[in-house]
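The values are calculated or read from the model by the stated rules, or taken from the named source; none is laboratory data. In this text, all values refer to a predicted model and were calculated from it rather than measured experimentally. So basically every Cβ, Gly included, is an ideal-geometry build from the backbone, and we count neighbours across all protein chains shown. Accessible surface is based on the protein model in full, side chains and every heavy atom, while ligands, DNA and RNA are left aside. Shrake-Rupley method; radii C 1.70, N 1.55, O 1.52, S 1.80 Å.
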Amino acid sequence: MSSEIIKHNPFQSMIDRFNIAADILNLDDSIRQKLQRPEKQITVNFSIVLDNGNVQNFEGYRVIHNTALGPSKGGIRYDTAVNIDEVKALAAWMTWKSAVTGIPFGGAKGGIICDPRKHSKTELEKITRAYTKALSDIFGPEKDVPAPDMGTGPDEMGWLMDEFSLLHGKPIHAVVTGKHLHSGGSLGRVEATGRGVSIISLLALEKLKIRPAKATAAIQGFGNVGLHSALFLYGKGVKIVAVSDVSEAFYNPDGLNIPELILYYNLNNKTIKGYPNSVAIKHEDLLLLEVDLLIPAAKEDVITQKNAGQIQAKIIVEGANGPVSSDADQILHEKNILVVPDILANAGGVTVSYFEWLQNSLLESWRIHQINTRLEDILEKGFDTVFRVAVKYNVTPRIAAYIIALKKVAETQSVKEFALEAPQYKQN
Ligand code: NAD
């Protein structure tokens, strides 16, 4: 493994920020060690018969980082680059995310090494069902509740719910969130992460006194998070000058017509490739555009010490998990770029997942207005708290978010596990 890969290991980035916050809180060593490591980490191997009759083996993971605040919650990723360190980092970020926003869940994440674009629907269903079977004693509404992530969506969540229910001999809707409405899903869940990213983006613009109608934005990734962020911000008058997906990156200084682009994407096999009303640019150049708002909404470690110095955006709102590696933090801070961290910025998804889980558990069905209003309240409160703590401790919003999360989880963990008094913290 090259040193470059070690440097941008997302788990290491998580630990770097964790340690800064833990030092500020003067966290005890035993609790530090406990919270740095996952509670459980499972590797599963299974095979399916492909459409052509061949048998293919797959490796999958489920990591449960922490359950102090409630059942563990976190998405399942289908991607060829899935690896255990990535899943461990993503699981820990879920713990911190729920803690920052006050959602009563712990953190988990799962993944399968596969390329979902290369499998038919039948094969994806078999993969999802086999993975569910392998983890049927781990999942459960009060134990561990998966959700969608990169490469998965309502179809996969529906198959997971169905397989889990078959194995338990009764319908158990609350075992997974992000399902289709007809499988017990919630209104507003599909677009929740993007809606949340745009709510947070508007709050960040307001902080810098930039009016949405005067703001420009570039968005990396045009999947669930990127597409919905683009649509909501477009609706608020923000000029989206650049977007990308894995195939291509586009720029239009006059602003892209996002509803038209979405129509094109839907008719073009869910890709923006070949979109005519713009100029193609290099993928890496999208991140360096002079815009007010940059939203990385694709994958980890796209902003590192290599390109951080060239970033010209005034604000970065982390739609993706871990798009900025820890070695870029200081560079961005010195450039006075406001970075709203993933564990706050993309928490809209887990928030509405929580609403879905609640509706399933209570056999209720909430109206969209109720869902969106509660989502907005939670994120606004989270944003205010993070910025208040940042001022109090004189740290970046990212470290402030870690401080809030660590303090909360450490207190609950100490009391629960060691029957100790909650840890004392230095008063600054
Ligand atoms: P998705 O699979 O729906 O979309 C991912 C998008 O990124 C696709 O458009 C893909 O083409 C693009 N992409 C991949 N590699 C790229 C590259 N090198 N350059 C440009 N674009 C690239 O996934 P998603 O659900 O939108 O997740 C995106 C990120 O947001 C992930 O980090 C995920 O963990 C995070 N996230 C997702 C949710 C959710 O509810 N789906 C919630 C919180 C965080």
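Here Asp79 passes the criteria (1) touching a residue at least 12 places away in the same chain (Cβ under 8 Å); (2) surrounded by fewer than 18 Cβ atoms within 10 Å (Cβ to Cβ) except the one numbered (2).
Residues in the range 155-164 that are within 16 Å of the ligand (Cβ to nearest atom), over 12 Å from Ser136 (Cα atoms) and open to solvent by less than 40 Å² (accessible area, probe 1.4 Å): Glu156, Met157, Gly158. Val243: in a loop (DSSP other than H, G, I, E, B), open to solvent by less than 30 Å² (accessible area, probe 1.4 Å) and of a type in the set (A, V, I, L, M, F, W, C), yes or no? Here the answer is no, as Val243 does not meet what is asked. Among the criteria (1) touching a helix residue (DSSP H, G or I) at 6+ places or on another chain (Cβ under 6 Å); (2) more than 16 Å from the ligand (Cβ to nearest atom), the one Gln310 does not fulfil is (1).
Would it be correct to say that Ala218 is open to solvent by 40 Å² or more (accessible area, probe 1.4 Å) and assigned to a strand (DSSP E or B)? No: the conditions fail for Ala218.
Restricted to the range 165-215, and to residues that are among the small types (Gly, Ala, Ser), touching a residue at least 24 places away in the same chain (Cβ under 8 Å) and in a loop (DSSP other than H, G, I, E, B), which residue is farthest from the ligand (Cβ to nearest atom)? That would be Ala215. Take Pro116 and tell me if it is in contact with a Leu (Cβ under 7 Å, 6 or more places away or on another chain) and within 16 Å of the ligand (Cβ to nearest atom). Answer is yes for this residue.
The criterion of at least 3 residues that are modelled with pLDDT of 95 or more and farther than 28 Å from Pro171 by Cα is met by the following helices (runs of 4 or more DSSP H) wholly inside the range 306-371: 326-334, 342-345.
Within the range 256-272, the set of residues being aromatic (Phe, Trp, Tyr) and open to solvent by 30 Å² or more (accessible area, probe 1.4 Å) comprises Tyr264 only. Applying the criterion of at least 2 residues that are more than 16 Å from the ligand (Cβ to nearest atom) to the strands (runs of 3 or more DSSP E) found wholly in the range 1-108 leaves 40-49, 55-66.
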